[in-house]
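The values are calculated or read from the model by the stated rules, or taken from the named source; none is laboratory data. Computed from a prediction, not measured in an experiment: that's the story for all the values here. Please note: Cβ atoms are built from the backbone with ideal geometry, for glycine as well, and neighbour counts cover all protein chains shown. With ligands, DNA and RNA removed, areas are computed over all heavy atoms of the protein, side chains included. Shrake-Rupley method; radii C 1.70, N 1.55, O 1.52, S 1.80 Å.
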Amino acid sequence: MRPEAAASLPDRFARWFAARGWRPRAHQLAVLAAAQAGEGALLIAPTGGGKTLAGFLPSLIDLHAAPRPGLHTLYISPLKALAADVARNLETPVADMGLAVSIATRTGDTSATERRQQRASPPQILLTTPESLALLLSLPEAAAGFAGLATIVVDEIHALAGSKRGDQLALCLARLATLAPAARRIGLSATVAHPGALRAYLGGGLRLIEAGAGAAPEIALLLPPGRLPWAGHMGIAAAPAILACIERAASSIVFVNTRAQAELLFQALWKLNTATLPIGLHHGSLDPAQRRRVEAAMAAGSLRAVIATASLDLGIDWGSVDQVIQLGAPKGVARLMQRVGRANHRMDQPSRAILVPANRFEVLECEAAIEGVAAGTLDGDPPRPGGLDVLAQHLLGMACAAPFHPDAMFAEVTAAAPYATLTRADFDAVLGFVEHGGYALAAYERYRKLFRDAEGRLHPRDMRIARHYRMNIGTIVEAPLLRVRLGARGPALGEVEEYFAAQLVPGDTFLFAGRLLRFLRLRETTIEVADGGEGEPKIPAYAGGRLPLSTHLAARVRAMLQAEVGWSRFPDAVREWLSLQRTRSALPDAEGLLVESFPRGGRHYLVAYAFEGRNAHQTLGMLLTRRMQRAGSRPLGFVATDYVLAIWSAEPARDIAALFGEDMLGDDLEEWMAESSLLRRSFRNVAVIAGLIERQRPGATRSHRQVAVSSDLLYDVLRRHQPDHVLLRATRADAAAGMVDLGRVAAMLARVLGRIRHVALDRVSPLAVPVLLEIGRESVRGAAEEEALLAEAEAMLAEAAAIPA
Amino acid sequence: MTPAAIRLAGEALLLDPTGGVVWPARRLLAVADLHLEKATAAAERGWLLPPWDSAATLARLAALIARHRPQTVLALGDSFHDRRGAARLAPESLHLLSVIADAARLVWIAGNHDPAPPEGLPGEAVACWRAGPLCFRHQASSAPPGTGLGEISGHFHPKARIAARGAALARRCFVVDARRLLLPAFGSYAGGLDVRHPAIGALFPEGGATFLLGAARLFNFPLPPPTLRIQADGILL
């Protein structure tokens, strides 16, 4: 921190701190000093550092010193619930100090009445989300409403930057810079790997203020009893040990990686919980009211534990959590730090956390993560260019607010960090898409959504365009969801994906919201259920549940495997496993790539220890099987985990080094990506965000279904007729960064070039056992595989029908 | 392309993997729910879908005709996405239509999206088409066909989902029993309705068979009666 002029805290504020027995923290004063010097700030502080107050202090002091009507401060949070919590918490100092400051929230939950009130008399402090901000900025009165804005506070900025929501927010901030050039920006973030990138994201010229790291957390490893599992991610065998941990502490958060895992663990704990400890369940598909009840109970200290997914990664501090238990692999150091930070919110005392790996590879990952936390090195991807689909949505919104000239809009948009490198050609292509679809066939001249006036400014064609925009705003695209309700008139429990619901027949049971439920009937957009039931319950799964292992953590795991001196920290079972691997085969090394081959059950296996995460391994698997097909090895299938890729074939693979050559990313990649189901999924998201198709609404009527256009059909037609269309380019960019994870595949192939170690074995190696156990649990398909699966299912059924009963 | 042979009311029919049905004895081909000009209909409402749907649909139809060489081609209704669709056809699509009309007698059966005959286009327009024991119409009648008779219709855009190795694969499909045949939608942008929907179930109270469209062949799966729907791999979800 640079030496700056000391911040001046008005008496009333100093007295308020003193009355509560507090002293303003150094970073709170540093933010204030920056603001008083007319500068913005990016505050990086761990959880519990009083960040939110630091963000609001300059505004409260401003409004106290020079009261004025109209919007003064805009606060943006990634979560609706967080915005509401912060608003509530802000009321306390405002009331205590007798400040005349009006505060309101504006989110998707805000009622029409409240919205009208806010229009009639704007609050001085408005708390909102990126989506609601985009909507406000698309209204014709936006220019007048935001002109007097003095401060913009962006909370949990690390959770937004780098995502499509972050792209949308960056574009909105660029807009605000046009409407209110004098407004200062304050960013609040947890500790991140790239603070410079975050500062650039928020806008140059900000003071970077980093609070001390606080006490180092204490993280322990808890192993499930009995034999250490070889595979599986659920880790439910550890339930008794987890319950014992919960019993020993006053309050715990148990983090898991997926909603299905949360439901399973909750059920397992419930069966064991003879002492009937109050334990809650929290995940993103539960009814919001239910989630709020759990949060309130946790804040009030009436729960001993809550089982949670990423739904609790962010949020208001509860201040009273004794320990965090992480069941399953942490997947990344930054994510683990964030979760660990949810325990004990006093910066001067260590947070306590317990990691519970579900299998032996996860033991390695947990140890690597503990090492990463101790070293304070974080993972995190460097910034990527903003999505063109998000830009399309934004441009339409801007036209709905007021006519704009493309030159001025290009200048404004490229002031947003994610779009700083956007070319004019790409901008024009996106604008062309918004105006008339951007198709090579000039068929849509008469259906333009935007028209240009004599001065070249763009206007929406009619009111319907603005209505469409507002109905489809946002960058989160979910699978269609159905509400789950207890009986016809009972409470709503939450939502499940329509796909899951379609599999249920009356009488089926499933685990949801911590209950065993029996499916009664589907009524329009609601699934009616009753408590109880018999038979093996199903568990709803949700798309996109699992995060891949981070690059940084993967590198640590590889390094640990090589550094045998460090093995002493591992449990005996893991040490023996690794020693056996060293004797029978070889250990994966830190920079190169270990590839094993062995015969088993009449097939030939190839196992690559790449440690690049599931997405990258799936891509690698697709590309390698294509090459092996051409080479005559007759590949039969593959399975990818976060650590390993295994391929099996009818003939042994030849010339392993050539197989892994960098030229793999040429024609095969193009061809595979074009027909991959991953690309189709990416295209659906892009098409919805860019405004090509409407958001799917759950339980749409039959006639609507038949009329709705499936994005797959559009994808096929567009790919055939205009493969360079801007939405297809956006789709490929998305997939390359996300589900296909091309960056990691390319980096890995470059890294291991000339350093591939092939070990030919006569049987399976110890390290390969876990991945072989995953076979049959994972599947990824292209169009050709789908046909094969259908043929197989058809043949199986015909065979079964031929057996006399 | 390998068609599947079925019998309906005693007549031998071929189901084509692209979604058309051929009646060889009468040299007749039927397709349903072309939904031509769906993209421009959406564009009028502000959704600028890729505009090649009509041309793509007609090109597939032309290829189907070239393979089976029928004398008569029936379009079983909802050939146009809306009443004004025919007027919006682009020159390329009009050309494809004239090629089709030159190759076979083209018959437009009225649908709910296009109740009036298309103006200025080749072909004749009828409410339904009867030949021998078979009746071709847009929407299946609620009463089952009389003894010895069969009915071929579209309208519902049937689609089936199959569970295979933990994945669900959705495809357009034919649905058939001894007396009724539902055709899948042939239009490039036509949506689908799950075969388990009660509207389809009501037409097949005893269950039937589904034929899912594949790249070069059809995949045959039984359709259980609406009251008996079990799940397992390879069974309709």
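In this simple spin-label approximation, residue B:69 and residue A:119 carry label points 7 Å from Cα along the Cα→Cβ vector, and these lie 6.8 nm apart.
Restricting the trypsin sites (Lys or Arg not before Pro) of the stretch A:656-695 to loop positions (DSSP other than H, G, I, E, B) with no more than 10 neighbouring Cβ atoms within 10 Å leaves nothing.
For the stretch A:516-557, which GluC sites (Glu not before Pro) are both in a DSSP coil and crowded by at most 11 other Cβ atoms within 10 Å?
Details: sites: A:524, A:528, A:534; in loops: A:524, A:534.
Those satisfying the criteria are A:524, A:534.
How large, in percent, is the carbon and sulfur part of the accessible surface of the stretch A:11-210 at a probe radius of 1.4 Å? The value for the stretch A:11-210 is 54 percent carbon and sulfur by accessible area. Taking only Cα atoms, what is the 0 to 90° angle, nearest 10, from helix B:91-103's long axis to the longest principal axis of chain B? So the inclination is approximately 70 degrees.
Label separation (residue A:250 vs residue B:25): 8.6 nm, computed from points 7 Å beyond Cα along the C-beta direction.
If you run the Gaussian network model on chain B, springs between alpha carbon atoms under 10 Å, then out of B:61, B:181, B:96 the most flexible one is B:96. The mean accessible area for residues of the stretch A:481-531, using a 1.4 Å probe and ignoring ligands and nucleic acids, is 43 Å² per residue. Accessible area per residue of the stretch A:218-375 at 1.4 Å probe, in Å²? Normalised by residue count, the accessible surface of the stretch A:218-375 is 34 Å². For residue A:662 and residue A:377, the FRET efficiency from 1/(1 + (r/R0)^6), where r spans their Cβ atoms and R0 equals 30 Å, is about 0.60.
I need the peptides A:722-729, A:160-167 ranked by packing, meaning the mean over residues of other C-beta atoms within 10 angstrom, with the highest value on top.
A:160-167, A:722-729
Counting each DSSP H run of 4 or more residues in chain A as -39500 (n - 2.57), what helix-only mean residue ellipticity at 222 nm follows after dividing by all residues, to the nearest 500 deg cm²/dmol?
Working: 31 runs with 341 residues, N = 805.
After summing the helix terms and dividing by the residues of chain A, the value is -13000 deg cm²/dmol.
Given R0 = 35 Å, the distance between the Cβ atoms of residue A:671 and residue A:470 translates into a calculated FRET efficiency of 0.30. Using R0 = 30 Å, the C-beta based FRET efficiency linking residue A:729 and residue B:112 works out to 0.20. Here the stretch A:245-377 has 54 percent of its accessible surface on carbon and sulfur atoms, given a 1.4 Å probe and all protein chains in place. Compared with the alpha-carbon gap, the fully stretched path from residue B:130 to residue B:1 is longer by 43.6 nm at 0.36 nm per residue. Residue by residue along A:792-799, Cβ atoms of other protein chains within 10 Å of the local Cβ number 6 on average.
The alpha carbon centroids of the stretch B:128-170 and the stretch A:560-631 are separated by 52 Å. How about residue A:164: which lysines have a C-alpha closer than 29 Å to its C-alpha, ignoring those fewer than 8 places off in the same chain? In chain and number order, the partners are A:51, A:80, A:331, A:449.
Sort A:70-82, A:188-200, A:607-619 for me by packing, meaning the mean count of neighbouring Cβ atoms within 10 Å per residue, highest on top. Numbers along the way, then the final one.
Numbers: A:70-82: 22.3, A:188-200: 19.4, A:607-619: 27.0.
Listed from highest to lowest mean packing, they are A:607-619, A:70-82, A:188-200.
Each of residue A:791 and residue A:414 was given a label point 7 Å from its Cα along the Cα-to-Cβ line. The distance between the two points is 5.3 nm. Shielding of peptide B:49-61 by partners, expressed as the average count of other chain Cβ atoms within 10 Å per residue Cβ, is 5. About its Cα centre, the dipole of the stretch B:1-129 is roughly 320 debye, where the only charges are +1 on Lys and Arg Cβ and -1 on Asp and Glu Cβ.
Taking only DSSP H segments of four or more residues, each worth -39500 (n - 2.57), what value at 222 nm results for chain B once the sum is divided by all its residues, to the nearest 500 deg cm²/dmol? Could the numbers behind the result be given before it?
Numbers: 5 runs with 44 residues, N = 237.
One gets -5000 deg cm²/dmol as the mean residue ellipticity at 222 nm.
Summed over both chains, the accessible area lost when B and A associate is about 4600 Å², using a 1.4 Å probe.
In the context of the full set of protein chains, residues of the stretch B:4-223 present 35 Å² of accessible surface per residue (probe radius 1.4 Å, heavy atoms only). Averaged over peptide B:185-196, the number of partner chain Cβ atoms lying within 10 Å of each residue's Cβ comes to 4. Between the C-alpha center of the stretch A:712-781 and that of the stretch B:175-231 there is a gap of 35 Å.
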